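Shown next, in structure tokens, is the structure this report addresses.
Just so you know, all these numbers are worked out from the coordinates, no wet-lab data involved. Keep in mind the model is a prediction, meaning the values are calculated, not measured. Every residue, glycine as well, gets a Cβ built from its backbone with ideal geometry; the counts of neighbours run over all protein chains shown.
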């Protein structure tokens with residue numbers, strides 16, 4: 001924007017000349033030319049004033065949203081192994097330091113880990129830095145105590161792992177620092193190197209400009225800059241690097257205006273947070289706060305003098321003096337700054353010599369720019385979009401605390417990728433085409449702890465965990481059986497018919513004759529076994545008896561909100577759901593009939609650390625807990641002598657779980673949904689183009705599931721018998737009550753009042769069966 | 001003759017069937033995962049539910065109680081949720097969260113959380129009673145007088161103190 005400014009010296013001369021001839025006319029000319037020009041100038045200055053103040057104050061900086069994983073809590077009795085704690089500390093970028101005398105350091109000892117935690121402000125309170133000794137035994141953490149005084153500490157919350165950032169349009173990134181937290185040395189050094197008269201000038205340093213002009217003319221090129229810190233700050237606000245005279249003039253005026261409105265401290269603080277200091281792929285490193293982490297892996301206040309010197313040196317040209325790409329240039333620039341520090345009495349002669357000899361000390365680049373868990377982040381963003389606009393998400397510096405558990409996520413990814421490879425080999429499938437998805441949640445509070453949406457886990461494309469809507473097959477069966485139990489007319493022992501069934505199909509001539517996977521008929525079977533063995537015919541009969549709309553109601557109660565067509569084939573799972581929706585359904589079952597929406601976010605804080613919104617734990621009882629327990633029992637039987645019985649030989653001894661296999665027509669989809677006391681996981685495997693996989697739910701998805709549950713510290717399922725419930729021994733052939741000592745008797749849970757009244761003796765079942773034969 | 005044949009056949013069949021595998025497979029011992037006694041006995045030594053040491057969450061409970069009294073219920077709830085993550089089967093924590101929701105006038109949630117607390121309180125009749133009393137009040141507040149009376153009956157069943 002060109003400044004409309006006339007050159008005053010010429011005007012004065014003209015005015016003088018014409019004054020001798022026509023004095024009155026001249027003053028009029030002056031009036032009509034000068035005044036409007038003056039007005040325009042004033043107007044322009046007012047406009048610049050508005051622009052610069054708006055930029056300085058308003059949305060001062062575009063700061064990306066930071067997304068955090070669930071923090072690890074340490075306490076005596078936690079089943080966490082030493083190597084798992086070390087893995088988390090590594091993810092947190094804690095440094096190995098023997099003395100652990102700095103926050104963010106740790107040190108390994110025999111059977112223990114010493115650590116100095118970082119302070120962190122959570123949404124529900126702050127954690128102070130602590131120096132601790134965490135001791136381990138065979139089962140996990142045996143004690144947590146303060147390092148010095150050996151006082152036991154009941155609970156410690158580590159700072160959470162920063163898993164991703166959501167960047168604003170310009171991909172700028174910064175960590176804000178306040179002036180009081182910026183080391184005095186670096187403040188003084190910056191002023192000495194870049195703008196010696198900072199404290200006294202009013203925005204522009206004419207002497208510096210003249211000196212620079214002189215040096216540049218002498219050298220024949222630009223060797224010095226005469227810009228003050230204030231001018232540089234203004235320059236940084238407007239990203240185009242146009243270097244015209246008009247731009248320079250604008251900057252000078254705006255610098256003057258800034259100095260007029262704001263204090264030196266304000267301007268200096270803004271400078272420390274604004275100045276461009278490097279590039280990390282797409283994201284730009286702005287401000288000394290982030291630069292300190294980017295180059296040295298620690299906060300500004302922990303940097304040594306020569307490291308501070310390097311940062312100051314980078315101001316002149318972050319790419320040209322990039323310490324990783326051009327270490328020689330960076331070192332000479334740093335040493336120049338160190339000399340200035342010496343010259344101005346900021347460091348001693350010995351320090352100057354010592355520091356000039358020191359290596360640069362830059363750390364390896366931490367890939368903070370790349371999101372490690374895109375599928376999970378996708379879920380977080382979708383849940384956030386309900387409450388926040390995209391602009392707020394990416395520029396207001398929000399802090400998003402999620403439910404992700406890094407260790408479970410990593411294990412889920414590993415289970416999927418390794419098993420997919422094994423399945424491709426085992427079933428001779430073309431490499432790379434088979435796909436899958438995994439969702440893991442916490443049974444007790446419906447928090448999503450891991451999401452895998454693609455076998456290429458870093459890929460940000462199609463998120464199968466949330467968007468692959470596929471026929472669920474037998475996974476629907478628990479809803480059918482639950483609908484039956486809900487009526488009160490059925491118990492786990494009720495016999496249902498698994499014989500040949502023929503049904504009319506509306507609008508078709510041919511009848512529907514569903515068959516079982518093993519192509520056999522099984523006669524009269526008790527309800528729990530029909531579910532455990534996943535008998536199709538028995539399920540269809542049961543579903544038709546109970547009523548399709550009742551089954552749909554149950555599905556809705558469980559949290560499935562997708563519209564479903566009310567056809568009998570729905571009973572065998574022709575309806576299609578995403579793995580997330582399946583997880584929601586099983587979540588309610590695993591959680592004793594309490595519906596809680598699956599969440600990935602706990603809280604959102606604003607840039608100052610004040611809570612903006614919370615995503616509270618909310619529950620509502622949708623299924624009678626007793627019915628829920630009966631289904632859980634039956635689903636446990638699935639893993640004992642049902643379709644998932646192989647789990648017994650894969651899982652660790654003593655780990656009891658419940659689950660359901662699902663296989664669709666022509667083996668297109670392989671599903672498994674299963675849970676322990678604490679974790680629920682749904683796994684889907686298949687081809688994106690719907691081609692058959694060649695394996696079933698138990699030979700495919702269940703293998704991934706088992707591999708995962710083998711590696712996380714899952715707790716064994718335990719069902720507490722509730723009020724108005726009792727146990728009874730049943731003969732599975734007749735469905736009648738029997739005695740404990742009878743060979744084939746099974747003990748089943750019942751709602752009070754539903755225990756079969758008829759009693760039979762041992763082997764009576766056999767006789768009954770024989771009588772039926774003849 | 002038919003008579004003899006029939007019973008001979010029966011005798012032989014019985015012999016056969018005693019080792020027959022066409023019956024549902026129940027010769028494997030049924031795993032005892034249903035805890036009927038109300039005791040905390042697990043079936044195996046490994047993978048038992050984590051030991052619930054009350055000291056771990058005691059500090060959080062105290063903090064939450066204070067915050068709820070001083071009107072910072074949202075923060076109190078957040079702290080209790082944290083405690084529940086650490087000890088999900090602790091009925092006292094769920095009950096306390098139910099109380100906080102009650103303070104916030106979220107009566108439906110208060111009731112649901114109290115019911116949830118009862119799931120884990122098979123060994124703690126005191127907590128069950130406290131839950132039913134809370135449910136009574138919550139239902140009364142939403143105008144469900146019939147439900148409130150039923151809840152009161154449940155509380156009374158557990159003894160009056």
The helix A:536-546 Cα axis meets the longest alpha-carbon principal axis of chain A at an angle in degrees, between 0 and 90 and rounded to 10, of 90
Normalised convex hull volume, the stretch A:506-578, alpha-carbon set, Å³ per residue:
125
Say each of residue A:339 and residue B:108 gets a label point 7 Å from the Cα, pointing the same way as Cα to Cβ; how far apart are those two points in nm?
7.5
What FRET efficiency do you get for residue A:459 and residue A:154 if R0 is 41 Å and r is their Cβ-Cβ distance, rounded to the nearest 0.05?
0.45
Restricting to the stretch A:82-235, what percent of DSSP beta bridges are antiparallel, rounded to 5?
90
Per-residue mean of C-beta atoms belonging to partner chains within 10 Å, peptide A:567-575:
0
Other chains near A:715-725: what is the mean number of their Cβ atoms within 10 Å of each residue's Cβ?
6
Once you average over the residues of B:113-120, how many Cβ atoms of partner chains fall within 10 Å of each Cβ?
5
Here the FRET efficiency for residue A:180 versus residue A:608, based on Cβ atoms and R0 = 22 Å and rounded to 0.05, is 0.90
Per-selection metrics, the stretch A:204-355 (Cα): Rg and Dmax in Å
16.4, 47
Sticking with the crude label model, points 7 Å out along Cα→Cβ, report the distance from residue A:282 to residue A:246 in nm, one decimal please.
3.4
Could you work out how far helix A:764-773 tilts from the main Cα principal axis of chain A, as a 0 to 90 degree angle to the nearest 10?
70
Quick check on the exposure proxy: order A:48, B:80, A:310 from fewest to most C-beta atoms within 10 angstrom.
A:48, A:310, B:80
Mark the label point 7 Å from the Cα of residue B:126 along Cα→Cβ and return the residues of the stretch B:80-118 whose backbone N is within less than 17 Å of it.
B:90-97, B:118
For the pair residue A:32 and residue A:73, how long in nm is the line joining their label points, each one 7 Å along Cα→Cβ?
8.3
Kirkwood Rh, Cα Rg: Rg to Rh for the stretch A:665-745?
1.17
State, to one decimal in nm², a quarter of the convex hull surface area for the C-alpha atoms of the stretch A:294-404, i.e. the direction-averaged projected area.
9.5
In whole angstrom, and with the biggest value first, how far do the Cα coordinates of the stretch A:594-685 range along each principal axis?
55, 33, 31
Got a sec? How would A:301, A:130 order by Cβ neighbour count within 10 Å, fewest to most?
A:301, A:130
Tell me the angle of helix A:625-641 to the major Cα principal axis of chain A, expressed in degrees between 0 and 90 and rounded to the nearest ten.
80
Full-extension gain in nm, residue A:387 to residue A:266, via 0.36 nm per residue minus C-alpha separation:
40.2 nm
Consider just the alpha-carbon atoms of the protein assembly as shown and return their Rg together with their Dmax, both in angstrom.
36.4, 157
Students often check this: by mean Cβ neighbours within 10 Å, which of A:195-204, A:709-718 ranks highest, and how do the rest follow?
A:709-718, A:195-204
Contact order normalised by length for the stretch A:451-602, with contacts defined as Cα pairs under 8 Å and 6 or more residues apart; what percent is it?
30
Ascending count of other beta-carbon atoms within 10 Å, so fewest first, for A:533, A:293
A:293, A:533
For the pair residue A:762 and residue A:304, what calculated FRET efficiency results from E = 1/(1 + (r/R0)^6), where r is the Cβ-Cβ distance and R0 = 56 Å, to the nearest 0.05?
0.10
Over the protein assembly as shown, what is the percentage of antiparallel beta bridges among all DSSP beta bridges, to the nearest 5?
85
Cβ neighbours within 10 Å, averaged per peptide: list A:320-333, A:138-151 in order, most packed at the top.
A:320-333, A:138-151
